[in-house]
Every structure is written in C-alpha cells, then in structure tokens.
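The values are calculated or read from the model by the stated rules, or taken from the named source; none is laboratory data. What you see is a predicted model, and the numbers here were worked out from it, not measured in a lab. Cβ coordinates were reconstructed from backbone atoms using ideal geometry, including for glycine residues, and neighbour counts include every protein chain displayed.
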Amino acid sequence: MIRKANSGDCAQIADIYNHYVLNSTVTFEIDPVTHEELAERIKKSHCFLLFEEKGSVLGYAYASNYHSRAAYRYTAEGSIYLRNGVEGRGLGATLYKALFDAAKDFGIREMIAVIALPNKSSEVLHQKLGYRKVGVIESCGYKFGQPIDTSIWQLSLVRAIK
C-alpha cells in the first residue's frame with residue numbers, strides 16, 4: 001500500500017535511509033539522520049509517500065523544493081529510497097508514479113533528480129520513467145575519501161506522465 005508518511009513512520013524511514021548514509025555514496029549526507037530531522041523533512045516536503053507491506057515500510061519517495069527562489073516554485077526535486085534487499089520488485093517505479101501524481105496535484109510541473117555516480121540501476125529507473133539526462137556535475141561531492149560526480153535528470157509532468 002502507498003500512503004502519505006507521518007511522524008510515526010520516522011523510525012522505519014531512518015532505518016532505510018541511514019543504511020545509505022553509512023554505506024553508500026547515493027546520498028551526500030555523512031552522519032545518520034535522527035527521527036526528529038526526518039519529521040521536519042516530512043513536514044517541509046511537497047509530498048512524502050511510502051510503500052508499506054504488512055506494517056513494514058519497504059521504501060519511500062518525496063518531492064521537495066528544487067531551489068528556494070520563487071521562479072522555481074513549480075519545480076521539485078524527487079528522491080526515492082528502498083529498504084536494502086527489496087530492489088528489483090518494481091517498488092521504485094510504483095512509488096515514483098504515485099509521487100508524480102501527488103506532485104502534479106501540488107502544482108509541480110517539472111521534476112529534477114540528482115543521481116550520484118556511478119549508479120546504473122537508478123539511471124535505468126529514471127530513464128524508464130521518462131526522465132532525460134540533462135547534465136553531469138563533476139566532483140561536486142566528496143565522501144569516503146573520493147570525489148563523486150552527479151548526473152542531473154529532468155521529467156516534465158505536464159508533458160509526460162506514464
């Protein structure tokens with residue numbers, strides 16, 4: 001089931017996210033995120049959805065401000081994280097499609113995704129969903145003693161909801 005996240009979900013969301021914080025370069029955060037920080041992020045996001053199965057959160061997706069300037073108000077950055085080990089079941093695509101619908105209802109016209117490289121599975125997912133790669137920013141992150149590039153992807157919600 002896909003539903004809106006609430007502060008009661010923060011422990012499970014933190015468990016999912018902090019795995020990536022501590023073990024990967026897909027997020028540029030270095031320190032684990034607290035439940036309180038996640039509760040604030042849920043409140044500040046345009047929409048924050050999760051996929052729940054038998055009371056367990058298997059993944060989540062959210063859309064947040066792309067930038068704070070007023071002209072960006074119809075553009076959001078989307079992010080998605082799945083519980084380690086549940087990849088390959090189609091949950092990412094399912095969550096993202098629900099996020100697109102929720103973002104459109106919020107007035108969002110353009111979605112931006114920032115993918116730390118290398119991350120072939122994320123790039124394949126975004127391309128499958130209709131995103132197009134619009135650029136690469138080289139060495140913009142530094143984690144685990146290495147520079148990290150990011151690719152920037154864009155999806156127009158007014159032209160291409162699948």
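Residues of segment 79-95 being part of a strand (DSSP E or B) and touching a residue at least 60 places away in the same chain (Cβ under 8 Å), which ones? So that I can check it myself, show each step before the final result.
Going through segment 79-95, the residues part of a strand (DSSP E or B) turn out to be 79-82.
Result: TYR81, LEU82.
Here ALA98 fulfils each of the conditions (1) in contact (Cβ under 8 Å) with a residue 40 or more places away in the chain; (2) surrounded by fewer than 17 Cβ atoms within 10 Å (Cβ to Cβ) apart from (2). Each residue in segment 77-102 was checked for being in contact with a Lys or Arg (Cβ under 9 Å, 6 or more places away or on another chain) and closer than 14 Å to LEU157 by Cα, and 3 pass. Residues in segment 132-149 that are touching a residue at least 40 places away in the same chain (Cβ under 8 Å) and closer than 22 Å to GLY78 by Cβ: GLY141, LYS143, ILE148.
Counting only residues that are modelled with pLDDT of 95 or more and either touching a His at 6+ places or on another chain (Cβ under 7 Å) or not in a strand (DSSP E or B) (or both), which one in segment 146-162 is farthest from LEU125 (Cα to Cα)? Lay out the reasoning, then the answer.
Going residue by residue through segment 146-162, those that are modelled with pLDDT of 95 or more are 146-157.
Narrowing the set further to residues that are either touching a His at 6+ places or on another chain (Cβ under 7 Å) or not in a strand (DSSP E or B) (or both) leaves 153, 157.
Working: TRP153: 11, LEU157: 16 Å.
This residue is LEU157.
For segment 101-117, the candidate set comprises residues that are outside any loop (DSSP other than H, G, I, E, B) and out of contact with any strand residue (DSSP E or B) (no Cβ under 6 Å at 6 or more places or on another chain); within that set, the residue that is surrounded by the fewest Cβ atoms within 10 Å (Cβ to Cβ) is ASP105.
The criterion of being hydrophobic (A, V, I, L, M, F, W, C) and not in a helix (DSSP H, G or I) does not hold for ILE13. Within segment 72-94, one or more residues are at pLDDT 95 or above, touching a His at 6+ places or on another chain (Cβ under 7 Å) and farther than 19 Å from ALA14 by Cβ. Note on segment 1-42: among residues that are touching a residue at least 40 places away in the same chain (Cβ under 8 Å) and touching a Ser or Thr at 6+ places or on another chain (Cβ under 8 Å), the one that is surrounded by the most Cβ atoms within 10 Å (Cβ to Cβ) is TYR17.
Only one of the listed residues (SER45, SER68) is in contact with a strand residue (DSSP E or B) (Cβ under 8 Å, 6 or more places away or on another chain), free of Cβ contacts under 8 Å to residues at least 24 places away in the same chain and of a type outside the set (Asp, Glu). That residue is SER45.
Quick grid of which residues meet (1) among the basic types (Lys, Arg); (2) loosely packed, with under 14 Cβ neighbours inside 10 Å:
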{"site": "LYS120", "(1), (2)": "yes, yes"}
{"site": "LEU125", "(1), (2)": "no, no"}
{"site": "VAL136", "(1), (2)": "no, yes"}
{"site": "TYR142", "(1), (2)": "no, yes"}
{"site": "PRO147", "(1), (2)": "no, yes"}
{"site": "LEU155", "(1), (2)": "no, no"}
{"site": "VAL158", "(1), (2)": "no, yes"}
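Within segment 20-37, the set of residues being in a helix (DSSP H, G or I) and either under 14 Å from ALA61 (Cβ atoms) or not aliphatic (A, V, I, L, M) (or both) comprises TYR20, ASN23, HIS35, GLU36, GLU37.
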